[in-house]
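K.L.:
Dropping a structure here in structure tokens format, bear with me for questions.
The values are calculated or read from the model by the stated rules, or taken from the named source; none is laboratory data. Just so you know, these numbers come straight off a predicted model, no measurement behind them. With ideal geometry, Cβ positions are generated from the backbone for all residues, glycine too; neighbour counts draw on all protein chains shown.
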Amino acid sequence: MPHTCPLLARACAAAFAVTSFAVHAASSDASYPTRPIRLVVPFPPAGSNDIVGRVVAAGLGERLGKQVVVDNRAGGNSIIGTDIVANAPPDGYTLLVISTSFTTNPIIHKLPFDPLKAFSWVAFLGNGPNVLAVNNSLPANSVKELVALAKAKPGQLVYASTGVGSNAHFGTELFKYMTGTNMLHVPYKGGGPALIDTISGQTQICLSSLIQAIGHIRSGRLRALATSGEKRALTLPDVPTIAEAGVPGYATANWWGVAAPRGTSPQIVQKLNREINAVLVLPAVEKQLINEGAEPTPKTPGQLGTHVSTEMAKWVKIAKIAGIKGE
């Protein structure tokens, strides 16, 4: 009986194991998904991330034939929920909704993860302007009147944000810098709580994502003074931009995307990107998101990665201009 070399036997066994793993992985990717997917929204319910996330989750679940469950994990201006996904298995069953705070948090906070190295980019969902809104009792019906009031009462007007380092925080601080005003900042754990307190009068001002404020504006519970984009919002065509209303050059916007833990199979990433993009162009979904104040914008994973890097660089510059410092 021929003698088998132990080293050769071990090498063959190792090669067989690697081949078997590769075949199994390829098979798993092809059959993905075989169970429900968790979509982590790192903010409370009723905010823009939650609204966009739920619209996309419903459509994606229908296309994949498996439920996509939205899991709200608020805290730390999205850091808690983001960290959960950063440490999740890279198997495509835990995804994350990212937005502007994903690119501003590194400037303000010491993060337990590297935002550029801990994730695989999946899909860009859309973007939309913020809206500068005020409590109905505030005697300001325009941006110019708000600026005059803030200058007459330095440090007395209170603005709510969705958290330290959030888009609302950066955007309002930029507004303060460009108008030479001084307003007190009160951070919240998400857009929903910030809006509720602005409506109730606990705070007077909120630069909110249009997608989460539009219902309150339409119902008359909030007064919209201006929107933050370079052009007027499709859903509020009669409301001027902040630049039009007296602050030339001002422009900020919100955006949303989906990321997965680093190491997620490229085949799974591509499948998710393809299916999410298909959801975004569905007439019913497109109409729903635009009506809420978000413009669906399908992109490739690479384009989302480029967008994230560009946004980070932009907010670093704005932090320096507005004097926003890290903790």
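K.L.:
Condition (residue is β-branched (V, I, T), surrounded by 22 or more Cβ atoms within 10 Å (Cβ to Cβ) and in the same structural domain as V316 (by TED's automatic domain parsing)) applied to the range 88-98: is it met by at least one residue?
P.N.:
yes
K.L.:
From T306, T264, T297, which residue is in the same structural domain as L64 (by TED's automatic domain parsing), of a type outside the set (A, V, I, L, M) and free of Cβ contacts under 8 Å to residues at least 40 places away in the same chain?
P.N.:
Going through T306, T264, T297 in turn, just one is in the same structural domain as L64 (by TED's automatic domain parsing), of a type outside the set (A, V, I, L, M) and free of Cβ contacts under 8 Å to residues at least 40 places away in the same chain: T306.
K.L.:
State which residue pairs qualify: first residue under 19 Å from Q267 (Cβ atoms) and inside the range 84-99, second residue of a type in the set (F, W, Y) in any location, beta carbons under 7 Å apart, and separation of 6 or more residues or different chains.
P.N.:
G92/Y32
K.L.:
In the range 300-313, what residues are loosely packed, with under 15 Cβ neighbours inside 10 Å and either over 21 Å from I268 (Cα atoms) or aromatic (F, W, Y) (or both)?
P.N.:
Of everything in the range 300-313, those that are loosely packed, with under 15 Cβ neighbours inside 10 Å and either over 21 Å from I268 (Cα atoms) or aromatic (F, W, Y) (or both) turn out to be S309, T310, A313.
K.L.:
Look through the range 233-280, keep the residues that are more than 26 Å from V316 (Cα to Cα) and of a type in the set (K, R), and return whichever of them is surrounded by the fewest Cβ atoms within 10 Å (Cβ to Cβ).
P.N.:
If we take residues in the range 233-280 being more than 26 Å from V316 (Cα to Cα) and of a type in the set (K, R), then R274 is surrounded by the fewest Cβ atoms within 10 Å (Cβ to Cβ).
K.L.:
Can you say whether V70 is part of a strand (DSSP E or B) and β-branched (V, I, T), as far as the supplied structure shows? Show your work before the answer.
P.N.:
Working: part of a strand (DSSP E or B): yes; β-branched (V, I, T): yes.
Taking the combined requirement at face value, the residue satisfies it.
K.L.:
Turning to a different aspect of this structure: Going residue by residue through the range 141-153, is there one that turns out to be touching a Lys or Arg at 6+ places or on another chain (Cβ under 6 Å), polar (S, T, N, Q) and not in a strand (DSSP E or B)?
P.N.:
no
K.L.:
With the condition being modelled with pLDDT under 95 and touching a helix residue (DSSP H, G or I) at 6+ places or on another chain (Cβ under 7 Å), I'd like the helices (runs of 4 or more DSSP H) fully within the range 208-327 carrying at least 2 qualifying residues.
P.N.:
Working: elements: 210-218, 266-280, 283-292, 301-322.
By residue number, 210-218, 283-292, 301-322.
K.L.:
Among the residues of the range 123-140, how many are closer than 16 Å to L222 by Cα and either assigned to a strand (DSSP E or B) or among the acidic types (D, E) (or both)?
P.N.:
5
K.L.:
Turning to a different aspect of this structure: Residues I211, I196: which one is within 25 Å of F102 (Cα to Cα), outside the structural domain of K314 (by TED's automatic domain parsing) and either crowded, with 20+ Cβ neighbours inside 10 Å or among the polar types (S, T, N, Q) (or both)?
P.N.:
When all the criteria are applied, what remains is I211.
K.L.:
Another question, if that's okay. Out of G126, G163, G190, I need the residue that is under 30 Å from V281 (Cβ atoms), of a type outside the set (A, V, I, L, M, F, W, C), touching a residue at least 40 places away in the same chain (Cβ under 8 Å) and out of contact with any Gly (no Cβ under 7 Å at 6 or more places or on another chain). Which one?
P.N.:
Matching residue, one of G126, G163, G190: G126.
Residue by residue, here is whether (1) under 27 Å from the mean Cα position of the chain (by Cα); (2) modelled with pLDDT under 95 holds:
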{"position": "N130", "(1), (2)": "yes, yes"}
{"position": "V134", "(1), (2)": "yes, no"}
{"position": "V147", "(1), (2)": "no, no"}
{"position": "P154", "(1), (2)": "no, no"}
{"position": "A160", "(1), (2)": "yes, no"}
{"position": "G163", "(1), (2)": "yes, yes"}
{"position": "S166", "(1), (2)": "yes, yes"}
{"position": "M183", "(1), (2)": "yes, no"}
{"position": "G191", "(1), (2)": "yes, yes"}
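K.L.:
Next up: Which numbered condition in (1) touching a Pro at 6+ places or on another chain (Cβ under 8 Å); (2) more than 30 Å from G65 (Cα to Cα); (3) buried (at least 24 other Cβ atoms within 10 Å of the Cβ) is the only one that K189 fails?
P.N.:
The single condition K189 does not satisfy is (3).
K.L.:
Still on this structure, please answer the following. Quick one: in the range 73-95, of everything that is outside any loop (DSSP other than H, G, I, E, B), touching a Pro at 6+ places or on another chain (Cβ under 7 Å) and aliphatic (A, V, I, L, M), which residue is farthest from L272 (Cα to Cα)? Show your work before the answer.
P.N.:
To start, the set of residues in the range 73-95 that are outside any loop (DSSP other than H, G, I, E, B) comprises 79-86, 94-95.
Cutting the leftovers down to touching a Pro at 6+ places or on another chain (Cβ under 7 Å) gives us 80-83, 85-86, 94.
Keeping just the survivors that are aliphatic (A, V, I, L, M) gives 80, 85-86.
Numbers: I80: 24, V85: 16, A86: 18 Å.
Among residues in the range 73-95 that are outside any loop (DSSP other than H, G, I, E, B), touching a Pro at 6+ places or on another chain (Cβ under 7 Å) and aliphatic (A, V, I, L, M), the one farthest from L272 (Cα to Cα) is I80.
K.L.:
When you scan the range 154-163, how many residues do you find that are touching a strand residue (DSSP E or B) at 6+ places or on another chain (Cβ under 7 Å), more than 19 Å from W315 (Cα to Cα) and assigned to a loop (DSSP other than H, G, I, E, B)? Show your work before the answer.
P.N.:
Filtering the range 154-163 down to residues touching a strand residue (DSSP E or B) at 6+ places or on another chain (Cβ under 7 Å) leaves 155, 157-161, 163.
Filter once more, keeping what is more than 19 Å from W315 (Cα to Cα): 155, 157-160.
Pick out the ones that are also assigned to a loop (DSSP other than H, G, I, E, B) and you get 155, 157.
Count: 2.
K.L.:
Here's something else I'd like to know. Filter the range 102-122 down to residues that are part of a loop (DSSP other than H, G, I, E, B) and touching a strand residue (DSSP E or B) at 6+ places or on another chain (Cβ under 9 Å) and give me whichever is nearest to T264 (Cα to Cα).
P.N.:
Looking at the filtered set, the residue picked out is A118.
K.L.:
Next up: Is it the case that the range 164-184 has a residue that's crowded, with 24+ Cβ neighbours inside 10 Å and assigned to a loop (DSSP other than H, G, I, E, B)?
P.N.:
Taking every residue of the range 164-184 in turn, at least one turns out to be crowded, with 24+ Cβ neighbours inside 10 Å and assigned to a loop (DSSP other than H, G, I, E, B).
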